[in-house]
Amino acid sequence: MRILVLGGDGYLGWPTALHLSRAGYEVGVADNFARRGYDLEMGVDSLVPIASLHRRVECWEEVSGNRIEMYIGDLTEDEFVHDMVARFRPDTIVHFAEQRSAPYSMVDRKHAVYTQVNNVVGTLNLLYAIADINPSIHLVKLGTMGEYGTPNIDIEEGYIEITHRGRTDVLPFPKQPGSFYHLSKVHDSHNIAFCCRAWGLRSTDLNQGIVYGQSTPETTLHPDLATRFDYDAVFGTVLNRFVIQAAAGEPLTVYGKGGQTRGFLDIRDTLACVELAIRHPADPGEFRVFNQFTETFSVGELAEKVCQAASGSTIVHIDDPRVEMQEHYYRAAHTKLLDLGLLPFLLGDELLADLLAISRAHVDRIELSALQPHVMWRTTSSDISRNPMPERDSTASDHPR
Ligand code: NAD
Ligand code: USQ
């Protein structure tokens, strides 16, 4: 089977490409290096050094004997997308290639527009290419649990049966996303669902929770195969940030009360879930939704866990830069991937110790000023585009376009 991994230079796309290549699939990766550009723009960097995509691909061939085909280009350019799909002839496309930071999307108008154009237009170009070239391609799309928000009822896997004024239907679960980034994922989901209905395309939307971890069985085979490990307040996700803050001897920054509860999963489970979705494709015309996480934690609980694993750490509650519920009900279904055979890696002492060791090995690369959040959801002046860029924002970059 031929699989094209879009966003194959990213935190999750690169290890997924390696995992699928090792499992015997013919793999291609595509990326426009936008993610590396955001780092330059924000003046931050992955804690673990990462090789160029060219070197990564070369290294993987040296280590495994397997070739990964590379496509360098932007999904918002329709000719690039069309030519790539026509040339690679994938059976499955795994689509990770989006701007994925909620704070980045909330910096100001330009960043909100960039995020939604990049994500929504990229996915639309892809849908047209699939429909034109081979409608039987299975699109495995990375969505997010944040599409649902935090309703005061149980969250279902994509759809809910509703009886209204005596009539019953199964309808998409209501969406209440919490940032322009999360909104872009909702827009994508609607566009993909429409193309499944209208054109008979087949797709699985993986509504993924927050990923933690850095090592996978393939990325540890050589330092040049490492994937990125972000800790800054814009791209670092919460558990990875807490571990790196602990390694730096800095207090763990719980926003507000810390009762914000989310679904989480180990990076190794991302790879397993994507492979399960590939091996059990959606039917033609089907828009299938899986909730892809393995456990739920509140932010406060996670901070406590990290404090226990790294003795001597402290927790600080700082004003929440986001508009979100800080205490709320949260219960979300996540049985469909388990039914397909997922055996999850649950969060335990071993994983935390591994992450702390990685963080301590690179502690001299931590830029302390990058730890503090500076992007605010709510504006206090009439100028809604007012989030100041951090002072270290000095290097040239063309983002956002
Ligand atoms: P990432 O930013 O590390 O990787 C995304 C990659 O896509 C980057 O290499 C970037 O350069 C590329 N890209 C972005 N726009 C592109 C474009 N227009 N054309 C070509 N390439 C483009 O992000 P990640 O953490 O690996 O996340 C991957 C996907 O998974 C995203 O869609 C994200 O929304 C989703 N997701 C991530 C998490 C998480 O915790 N990291 C959780 C849930 C869902
Ligand atoms: N938080 C803190 N302290 C911190 C950082 C974050 O308390 O130092 C809190 C946030 O306020 C939020 C929660 O932790 O309530 C999660 O924040 P996050 O930055 O880890 O995750 P989020 O912004 O939701 O985004 C990440 C990925 C995104 C993905 C999403 C999955 O960046 O691509 O879609 O997780 S989900 O949350 O399920 O929508």
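The distance linking the range 172-188 with the range 343-371 is 30 Å (Cα centroid to Cα centroid, whole angstrom).
Within 12 Å, Cβ to Cβ, of P223, how many net charges do the neighbouring residues add up to if Lys/Arg are +1 and Asp/Glu are -1?
On the way: positive: R55, R56; negative: D224.
After counting each charged neighbour, the total is +1.
Extension gain for L346-N152 works out to 67.3 nm (0.36 nm per residue, less the C-alpha to C-alpha distance).
Kirkwood analysis of the chain, using all unique Cα-Cα pairs, places the hydrodynamic radius at 21.6 Å.
Note on D169 and H280: the extension gain reaches 37.4 nm, defined as 0.36 nm multiplied by sequence separation minus the Cα-Cα distance.
In percent, how large is the relative contact order of the chain, given Cα pairs closer than 8 Å and 6 or more residues apart? Across the chain, relative contact order equals 22 percent. Taking every DSSP helix (H) stretch of at least 4 residues in the chain, weighting each as -39,500 (n - 2.57) and dividing the sum by the residue count yields a mean residue ellipticity at 222 nm of -10000 deg cm²/dmol.
The H on the amide N of F297, modeled in the peptide plane, is under 5 Å from the matching H of R262, F264, each at least 5 residues off or on a different chain. Between rounded, prolate and oblate, where does the range 153-291 land on the alpha carbon gyration tensor, with a ≥ b ≥ c its root eigenvalues, rounded for a/c under 1.5, else prolate if a/b exceeds b/c? Oblate. In order along the range 85-99, the Karplus-derived 3J(HN,Hα) couplings, from 6.51 cos²θ - 1.76 cosθ + 1.60 at θ = phi - 60°, round to 5, 5, 6, 7, 6, x, 8, 9, 10, 9, 10, 9, 7, 9, 6 Hz, and Gly and Pro are given as x. Backbone amide hydrogens, once placed in the peptide plane, bring I155 within less than 5 Å of R331, A332, A333, excluding anything fewer than 5 places away on its chain. Taking every DSSP beta bridge that has both ends in the range 122-220, the antiparallel portion is near 45%.
What does the charge count around C195 come to, taking other residues whose C-beta lies under 14 Å from its C-beta (Lys +1, Arg +1, Asp -1, Glu -1)? Before the final figure, lay out the partial values.
Values: positive: K141, R197, R202, R288; negative: D132, D188, D205, E286.
Neighbour charge sum, excluding C195 itself: 0.
The Cβ shell under 12 Å around D269 holds other residues with a net charge of -2, Lys and Arg each +1, Asp and Glu each -1.
Bridge orientation summary for the chain: considering DSSP beta bridges with both residues in this region, about 20 percent are antiparallel. Annotation: amide H of Y71 within the under-5 Å range of V29, A30, D31, sequence separation 5 or more or interchain, hydrogens built in the peptide plane. Residue-wise HN-Hα couplings along the range 237-247, as the Karplus relation 6.51 cos²θ - 1.76 cosθ + 1.60 with θ = phi - 60° gives them from phi, are 8, 4, 5, 4, 4, 4, 5, 6, 4, 4, 4 Hz; Gly and Pro carry x. Any idea how far the Cα center of the range 105-142 sits from the one of the range 256-316, in Å? The range 105-142 and the range 256-316 have Cα centres separated by 23 Å.
Where a number appears in this text, it was derived from the coordinates with a stated rule and is not lab data. Small disclaimer: the values here were computed from a predicted structure and weren't measured. Virtual Cβ from ideal backbone geometry, glycine too; neighbours counted across all protein chains shown.
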